[in-house]
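None of the figures in this text is laboratory data; all of them are computed from the coordinates on show. These numbers come from a predicted model, not from an experiment. FYI the Cβ positions are ideal-geometry reconstructions off the backbone, even for glycines, and counts take in every protein chain you see.
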Amino acid sequence: MLALTRKKGESIIIGDSITITVLSTSGDSIKLGISAPRHIPVNRKEIYEQIQEQNKQAAQITASPTAIADLSKLIRKQNPEA
């Protein structure tokens, strides 16, 4: 882990396209501004962990044979050459 000291208004750059700027500090809290391309998701850690857990649960759901057949029909309808 890289540990840096920054003051209000100072920034760090990650790669070529992500900038993190210290906007303000108050007691134990700091407010950060993050500038990143739209295709790069930026989430608080607790939100990221919730998303990962929901994705894991969704992947474990077993589709019924009827749902699979319906999906196959839809795919063939949209792409008759397949």
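Annotation: Cα Rg of the chain relative to the compact-globule expectation 2.2 N^0.38 Å equals 1.87.
For the chain, the tally of Lys pairs with Cα-Cα distances below 18 Å comes to 4, considering only residues 8 or more apart or on different chains. Taking every C-alpha pair closer than 8 Å and separated by at least 6 residues, the mean separation divided by the residue count of segment 11-78 gives a relative contact order of 17 percent.
When the trypsin sites (Lys or Arg not before Pro) in segment 30-77 are filtered for DSSP coil states and for at most 15 other beta-carbon atoms within 10 Å of their beta-carbon, the remaining sites are Arg38, Arg44.
Spatially, segment 44-82 and segment 1-32 are offset by 38 Å when compared through their Cα centroids. Distance between the modelled labels on Glu46 and Lys77, one decimal in nanometres: 4.3 nm (7 Å Cα→Cβ projection).
Ordering Thr21, Pro41, Ser64 by Cα displacement along the dipole of the chain toward the positive end leaves Thr21 in first place; charges were set at the Cβ atoms of Lys, Arg (+1) and Asp, Glu (-1).
Mind pulling the angle between the C-alpha long axis of helix 65-78 and the longest principal axis of the chain? Nearest 10 degrees, somewhere in 0 to 90. The angle comes out near 90 degrees. Entry note, the chain: the mean residue ellipticity at 222 nm calculated from DSSP H runs of n ≥ 4, each adding -39500 (n - 2.57), is -12000 deg cm²/dmol after division by the residues and rounding to the nearest 500.
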